[in-house]
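Data block below; observations after.
The values are calculated or read from the model by the stated rules, or taken from the named source; none is laboratory data. Fair warning: this is a prediction, and the values are worked out from it, not measured in the lab. For the accessible areas, the whole protein counts, side chains as well, though only heavy atoms, and no ligand, DNA or RNA atoms are used. Shrake-Rupley method; radii C 1.70, N 1.55, O 1.52, S 1.80 Å.
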Amino acid sequence: MNDPKKVLYYVFTAVGITAFVGAFILFGMMYLMEKFDLIFVPFILIFVGIAAFIVASVARSKLRKQMFESNISQQMKYNADSRTRVSSPDPFFTVDPFADAFGDDSENKKESDANGSTGNKFCINCGAPRVKGDTFCPYCGKKYE
């Protein structure tokens, strides 16, 4: 919990929940006692709760963006280390993972004919096409079997 965005998210979420519960209880008490002198207080609590949830959602979105960017940088480092052909930060939109899997690859046909079986063209973990010569899948990072 060293990340201030995470602390901010939890604190403002708690403030928002408390404000809404407090407004609900005050409305109930005012209704039961039939005293509406301070009717503005529950409305102030509702606005405080809404503002707290807005701040909490902004903090959460910043936190998720930070986590997403760190995951992308880790994937880029992994892809650079394993010398795969994925070079963009978002390979699912810039690289067609099935482009060479359905093509007519004569080397794969010769290999399968020589071995007497059809080789696995796809990763069994994520379904992406296998990269020839690699031992790990460039999309999910699992070792080929």
Of the residues in the stretch 13-27, those that are open to solvent by less than 30 Å² (accessible area, probe 1.4 Å) and over 33 Å from the mean Cα position of the chain (by Cα) number 2
Scanning for something open to solvent by 80 Å² or more (accessible area, probe 1.4 Å), part of a helix (DSSP H, G or I), at pLDDT below 80 and not aliphatic (A, V, I, L, M), does the stretch 113-133 turn up at least one residue?
-> yes
